[in-house]
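Throughout, read-outs are computed from the coordinates displayed, never taken from laboratory work. Quick caveat, the model's predicted, so the values are computed rather than measured. Note: ideal-geometry Cβ built from the backbone for every residue, glycine included; neighbour counts use all protein chains shown.
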Amino acid sequence: MGIQVERGVLMVNQKEQTKRVVKQIQEQILEPAVSAPQPAADPLTELLSRAQSAYAAYLEAQKEVAKAYKEREQQLEKEYKEAELQANNTCEKAIEQALRIRERAEQEAEEAYRKAKEHAMTVYQESVSQALKDRKETIEQSWKDCKQDANQAWTVFQGNNVT
């Protein structure tokens, strides 16, 4: 066929394009002959006139082809920009979502750390409190035992019976 695809743009074969232009020229040539008889003119002038008309039709067809290519190029550029914009939006949303997930994970980690720190502080305070209590009780008991032993020793020293 006379159409080739190259880089996403339809390329019209030169031969096919020429055939269309020739067909248009032939139609233009036949039209005046069918419509109304005109007085006989110089054949060379008539041939020159037809050649000029054919060339003008060729130039017009060439402009139309160039316009079609330009429109296709603009359409492809528009589609590219839309795809680029969509890719940018998708990327931006994914980044925002990743940021929210990271922030949430950081908050959860900070909360877990805070709770662990509070628990460690509670355990520490309870341990210190128990150690202080145990020390106090031990000291009091030791003092009590010391006093009792001293009293017994004094009683024995004075010659009294220990009961």
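Numbers at a glance
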{"item": "Segment Ser129-Trp143, extension gain: residue separation times 0.36 nm, minus the distance between their alpha carbons", "result": "3.0 nm"}
{"item": "At 1.567 mPa s and 4 °C, Stokes D of the stretch 44-163 from Kirkwood alpha-carbon radius, µm² per second", "result": "51 µm²/s"}
{"item": "Computed E for Glu60/Tyr80 - FRET, C-beta separation, R0 35 angstrom, nearest 0.05", "result": "0.70"}
